[in-house]
Structures are given as C-alpha cells and as structure tokens.
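Throughout, read-outs are computed from the coordinates displayed, never taken from laboratory work. Since the model is a prediction, treat every value here as computed from it, not as a measurement. Don't worry about glycine lacking a Cβ; one is built from the backbone with ideal geometry, like all the others, and counts go over all protein chains shown.
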Amino acid sequence: MSRVGKAPISIPDGVTVTVDKGQVNVKGPKGELSQLIDPDIACKVEEGVLTVERATDQKRHKSLHGLYRSLVNNMVEGVSKGFKKEMELVGVGYKAAVQNNVLELNLGYSHSIYFAVPQEIKVTAETEKGKSPKVTVEGIDKQLVGQISAKIKSLRKVEPYKGKGIRFIGEQIRRKAGKTAAK
C-alpha cells in the first residue's frame, strides 16, 4: 500500500471537509478550496479524520492514491495555515514595490518589470536599509503560490559568478571560481 496514501489526514478545528460525488470541498478560516477526485479513489470523513482509499492494487490506482491524499492534505493545510514563499533580490540597484496587486521590479534591465498577481495571492515587498529587498508570496493554494514564486524567480535567475539575481531565502547557490589572473 502507498505509504503516503494510507496516512490519515487530521482535520483541525474550524475546517470543514465535505465529499460530494467525486469532489472534495475544504472550507476554513482563510478561504475555500475544491478538488475533483478520480472515481476510483474514495475519501471518507470520520470523527475529524479524513482517509483516502483506492479500489484495487492496479498500478494506476496506486499512483493516484498518494497523489490525491497529498492534494487534499495541502488543501486542508492551506485553508487553516496558508502557504508562504520568501525571496530576496540580490544585486546593486535591485528594487521591488507592490501597488494594487501589481509587483514592480527593477532587476538591472533598462526597463522596469510589472508583474500582475492573481487576486487569490497576496504579495508584499519590503526594503530595509543595508539589506537586500524581500518579496513575500502568500496564499491558500500551494500550487499557485509555488507557480507565482517560480515565475517571479525566472525573471532574473541567479548567476553563478557573483550570485546576483532572485533567490529563495535560505537557498544555497553553487558558485564558480571564475578566471584566474594571467602570469
């Protein structure tokens, strides 16, 4: 049996989970999410615990079992706690500002980059004197938070020689030595 799939999901206080004809709806203090489930996968809610079960031991059912358990667990966690990704802009003159759900970035190009953020996602930018600007992406949908963060990061990838670019906080960058001086 799938190790991920057989683990039960405990439902925290203030979160309600309803299963209705192949769709799981999760409602909590931060919002509401829904996910369509394959007809061969069954979800059951009993006494504050949600379990995901599969019909047979076919390879397809085994792969879907762990997938849907993870998706539902991320929904429960998202509506109760939420998800957050923090990035820093490393480079001279790099700036970030947010206005009306539009992120404005100055990343060393000849022009500013304006990045429109979906309404479900909250983006904040803060700049402290003497430190690199930080951009924080928050939301209840884990997939959407990760996708928006990756898209922002792709606007200026970290280069290996000086380490300039957009990186996640705590991310390790492999640095290259560069050229040595000629004799």
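Free of any GluC sites (Glu not before Pro) that DSSP assigns to a loop and that have at most 14 other C-beta atoms within 10 Å, the longest stretch within the chain is 48-119. How high is the FRET efficiency from Lys27 to Leu144, r the C-beta distance, R0 22 Å, rounded to 0.05? Calculated value: 0.80. For the chain, adding -39500 (n - 2.57) for each run of n ≥ 4 DSSP H residues and dividing by the number of residues yields -7000 deg cm²/dmol at 222 nm. Here the range 111-183 has an Rg and Dmax of 15.7, 58 Å, counting Cα atoms alone.
Between Asp13 and Lys151, the FRET efficiency estimated from the beta carbon spacing at R0 = 30 angstrom works out to 0.30.
Look at where the Cα atoms of the range 30-61 and of the range 109-159 average out, and the two centres are 33 Å apart.
Distance between the modelled labels on Gln58 and Ser132, one decimal in nanometres: 4.8 nm (7 Å Cα→Cβ projection). A viscosity of 0.890 mPa s and a temperature of 25 °C, combined with the Kirkwood radius over Cα pairs in Stokes-Einstein, give a translational diffusion coefficient for the range 52-183 of 142 µm²/s. Straight Cα distances below 30 angstrom link Lys162 to the lysines Lys84, Lys85, Lys95, Lys129, Lys131, Lys134, Lys151, Lys153, Lys176, Lys179, Lys183, with same-chain residues fewer than 8 positions distant left out. Modelled this way, with points 7 Å down the Cα-to-C-beta line, the labels at Val4 and Val49 are 2.2 nm from one another.
The trypsin sites (Lys or Arg not before Pro) found in the range 1-100 that occupy coil by DSSP, while having at most 10 further C-beta atoms within 10 Å, are Lys21.
Relative to the Cα centre, the charge distribution of the chain, modelled as +1 at Lys and Arg Cβ and -1 at Asp and Glu Cβ, gives a dipole magnitude of about 1420 debye. Please name whichever of Val92, Thr51, Gly14 sits farthest to the positive end of the charge dipole of the range 13-92, dipole taken about the Cα centre and charges placed at Cβ: Lys and Arg +1, Asp and Glu -1. In the range 13-92, that residue is Val92. Model label sites at Gln119 and Lys162, defined 7 Å from Cα along the beta-carbon direction, differ in position by 4.1 nm.
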